[in-house]
Structures are given as structure tokens and as C-alpha cells.
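Report on one structure; see the data block that follows.
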Amino acid sequence: MRVIAGRWKGRVLRAPKGDATRPTTDRVKESLFSILADRIEGAVCVDLCCGAGGLGIEALSRGAESCVFVDRSPDAAAVARRNLETVGAELQTWSVVRSEALAWLRSELDRAGPTLVIIADPPYSSDLALDICALAAVDGGRADLLVFEHEAGSGPETPPGWTLDRRRYGRSELSIMERER
């Protein structure tokens with residue numbers, strides 16, 4: 001696992017031990033950030049179910065203003081923090097929070113910045129993507145862009161007032177939802 005592009009291009013990232021975390025493949029990560037392109041520059045991001053932090057680190061590497069990394073696993077949070085320190089991310093641009101994704105969203109979503117990008121890669125066997133989507137996409141919510149990696153064919157429904165771009169990569173699928181203006 002590595003950083004694909006940006007100021008930390010080529011840096012190797014560690015993954016938590018065991019098989020509880022499923023890191024996003026380089027191919028999927030490269031495709032995702034090619035699709036997002038200029039929407040990441042200057043954005044405030046949240047990497048939910050962050051695992052090793054690869055997606056949020058990629059966003060920071062490509063010019064995101066800041067990123068909050070959220071994972072319930074103490075091992076994943078520790079590895080994400082270590083990866084951020086290894087690439088040399090400025091302390092003021094990131095924080096790692098050990099929390100359930102929905103609990104964090106409920107308590108912190110209103111405090112986020114004006115251009116909020118939520119990236120979530122929850123366990124494939126859970127309905128967490130559906131719950132995150134429902135909570136983050138509410139009217140008046142702060143999220144402008146929702147990105148989910150999920151098992152192919154099982155993504156969350158697009159909320160009213162949002163557009164969907166869905167891409168399949170083998171067993172994985174990306175659902176990219178953007179609030180209509």
C-alpha cells in the first residue's frame with residue numbers, strides 16, 4: 001500500500017496486522033482520486049472507518065486542507081497515526097479519533113468546515129454505509145461529497161438531492177455522491 005500521487009507520492013504505508021482491516025487497493029485509490037480531481041484541493045475531509053488512513057492520507061497528499069481519521073479499532077488508529085507521522089503530515093492538518101463512525105458523525109458533523117468530503121470504507125458485511133449516508137446527507141448537513149467503498153452491488157441508495165457516480169472494480173465498488181446545487 002502506498003500514496004499514489006501528490007506531495008507524498010510513492011511513500012509506503014503500513015496496514016494494521018491481521019485481517020480485520022481491508023486496505024483499499026492502489027488501483028481503486030488511483031481511480032477514486034482521478035474521479036475526484038480538483039474537488040479535493042482545499043477540502044475538509046473525514047476518513048471514516050479509516051483503517052491505515054490510506055484514503056485520507058491520499059487526500060492530504062493531493063491538497064486537502066485537513067482530514068479527520070476515525071476508526072473504532074485502537075490498532076487501526078495507531079497505524080493511521082504512524083502513517084501520518086511517517087509521511088510528514090503537518091500536525092495542524094489532521095487528527096486521529098478512536099470512535100464508532102456514526103457516534104463521531106452525530107457529535108461532530110456540525111462542527112466541520114464548509115467544503116466537507118466524507119470518505120467511508122466500512123466493513124463489507126455491515127450496513128454502516130447506509131447509516132452513514134442517511135446521517136451525512138440530511139438537508140442542511142455539512143457534507144458536499146460522500147464517497148463509499150463497498151462490496152459490488154451493495155451500495156447505499158442515493159439520497160434525494162444528490163447525484164451518484166458508481167464504479168465497479170472487481171469485488172469492490174465506489175459510490176460517489178455529490179449534493180446538487
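Readers should treat all values here as calculations from the given coordinates under stated rules, not as data from a laboratory. Just so we're clear, the structure is a prediction, and the values are computed from it rather than from any experiment. A quick note on method: Cβ atoms are made from the backbone with ideal geometry, for glycine too, and the neighbour counts reach across all protein chains shown.
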Fill in the blank from the handout: Considering the range 61-77, residues that are without any contact (Cβ under 8 Å) to a residue 40 or more places away in the chain and of a type outside the set (D, E, K, R), and then whichever is surrounded by the fewest Cβ atoms within 10 Å (Cβ to Cβ), we arrive at 74
Problem - Residue in the range 36-59 that is more than 19 Å from residue 118 (Cβ to Cβ) and either touching a Pro at 6+ places or on another chain (Cβ under 9 Å) or surrounded by 15 or more Cβ atoms within 10 Å (Cβ to Cβ) (or both) present - result: no
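Only one of 95, 107 is surrounded by fewer than 20 Cβ atoms within 10 Å (Cβ to Cβ), of a type outside the set (D, E, K, R) and farther than 21 Å from residue 7 by Cβ; which? Even if it seems obvious, please write down each step before you answer.
Working: 95 fails: farther than 21 Å from residue 7 by Cβ.
So the residue among 95, 107 that is surrounded by fewer than 20 Cβ atoms within 10 Å (Cβ to Cβ), of a type outside the set (D, E, K, R) and farther than 21 Å from residue 7 by Cβ is 107.
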Problem - Identity of the residue in the range 20-53, in a helix (DSSP H, G or I) and of a type in the set (Asp, Glu), that ends up nearest to residue 175 (Cα to Cα) - result: 30
